[in-house]
Amino acid sequence: MIEASTNRSKMTNDESLPSDALSAEQFKKSLPKQIHDRVSVKVMNGINQILADINIRGHFKDNLLSYTNVLKAGKFKLSCYVDAVKYVSYKLLGYNNQESYQKTFPGRVTILINEGATEKSISAYVAAYNKNKLVNAIWEQTLVPSYVLNADLYQQAINTQ
């Protein structure tokens, strides 16, 4: 894990950033080399804005740094990767698809509601996003194989025999 003290020293002097903000350099270290030049100030500001939310901070940061290998498999925008990780992080915290989408894209949901979208049409947007290639690639990374998940039970069975 990345220590909070090193994070603060590498960030700008912006007091609005959380104490465990992520620096561009730290983020680049977790990315495939061909993507390093895509890390912009705008992307880092978005990431650190998400890290300001104490409810998702730890999960999001771990997931953001862990699932970067999905970026090798396709041509995805870094901002889309950040959004997809945020969405999957909310799902992993127990939120349903609708809630995760609303927390990930509050602006989009507000626009849809202001334009008179029905719950059914908003659900269609949520379902489409949930089927997104990038979201599914990240979701696959979160799945733990059953042999790993049940390793302790397997060992107990061997010990019993």
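The values are calculated or read from the model by the stated rules, or taken from the named source; none is laboratory data. Note that the structure is a prediction, hence the values are computed from the model and not measured. Ideal geometry is used to build each Cβ from the backbone, glycine not excepted, and the neighbour counts take in all protein chains shown. The accessibility values were calculated without ligands, DNA or RNA, using every heavy atom of the protein model including side chains. Shrake-Rupley method; radii C 1.70, N 1.55, O 1.52, S 1.80 Å.
Take Tyr125: with every protein chain present and a 1.4 Å probe, its accessible area is about 120 Å². Rolling a 1.4 angstrom probe over the protein heavy atoms with all chains in place gives segment 32-161 an accessible area of 62 Å² per residue.
For Thr160, the accessible surface of its heavy atoms amounts to roughly 120 Å² (probe 1.4 Å, protein chains only, rounded to the nearest 10).
Rounded if a/c is under 1.5, else prolate if a/b beats b/c, else oblate: with a ≥ b ≥ c from the C-alpha gyration tensor eigenvalues square-rooted, which is segment 95-142? Judged from the Cα gyration tensor, segment 95-142 comes out prolate (a/c at least 1.5, a/b above b/c). Surface listing: Tyr87, Tyr129 arranged by accessible area from highest to lowest gives Tyr129, Tyr87, probe 1.4 Å.
Heavy-atom surface analysis with a 1.4 Å probe gives segment 66-146 a carbon and sulfur content of 52 percent of its accessible area.
The GluC sites (Glu not before Pro) found in segment 54-161 that occupy coil by DSSP, while having at most 16 further C-beta atoms within 10 Å, are Glu115.
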